[in-house]
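Peer 1: Just passing along the structure, written as structure tokens.
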Amino acid sequence: MHAQASSHTTTTTERGSFALARCSCGWSGPARRSRDRARTDAADHTRTATGPDAGTP
């Protein structure tokens with residue numbers, strides 16, 4: 001069974017000059033200078049983590 005979409009709540013946080021995306025599942029994206037890119041990382045993670053192929057190797 002796949003994880004529920006609600007188990008992947010993403011946020012972006014700032015650490016100095018960098019922004020990074022984090023997820024309630026424990027995933028953390030790379031530090032980015034661009035907040036927009038960090039938001040894109042979060043959206044990509046949510047899409048792949050909750051998509052039809054989620055959980056398959």
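The values are calculated or read from the model by the stated rules, or taken from the named source; none is laboratory data. Since the structure is predicted, the reported quantities are computational estimates derived from the model, not experimental observations. A quick note on method: Cβ atoms are made from the backbone with ideal geometry, for glycine too, and the neighbour counts reach across all protein chains shown.
Peer 1: Could you list, in sequence order, the residues of the stretch 33-57 that are surrounded by 11 or more Cβ atoms within 10 Å (Cβ to Cβ), among the basic types (Lys, Arg) and modelled with pLDDT of 95 or more?
Peer 2: Arg35, Arg37, Arg39
Peer 1: Could you tell me which residue of the stretch 1-11 is modelled with the highest pLDDT, considering only residues that are surrounded by 10 or more Cβ atoms within 10 Å (Cβ to Cβ) and not in a strand (DSSP E or B)?
Peer 2: Step one: list which residues in the stretch 1-11 are surrounded by 10 or more Cβ atoms within 10 Å (Cβ to Cβ), which gives 2-3, 5, 7-11.
Of the ones still in play, those that are also not in a strand (DSSP E or B) are 2-3, 5, 7-9.
Details: His2: 41, Ala3: 43, Ala5: 47, Ser7: 82, His8: 88, Thr9: 94.
Here the answer is Thr9.
Peer 1: Then there's this: Need pairs with beta-carbon distance below 8 Å; first residue among the hydrophobic types (A, V, I, L, M, F, W, C) and within the stretch 28-54, second in a loop (DSSP other than H, G, I, E, B); sequence gap 6+ or separate chains.
Peer 2: Qualifying pairs under 8 Å: Ala38/Gly29; Ala42/Gly29; Ala49/Ala3; Ala49/His8; Ala49/Cys25; Ala49/Trp27; Ala54/His2; Ala54/Ala3.
Peer 1: Out of all the residues in the stretch 12-27, which are without any contact (Cβ under 8 Å) to a residue 12 or more places away in the chain, surrounded by 11 or more Cβ atoms within 10 Å (Cβ to Cβ) and either touching a Ser or Thr at 6+ places or on another chain (Cβ under 6 Å) or not in a strand (DSSP E or B) (or both)?
Peer 2: none
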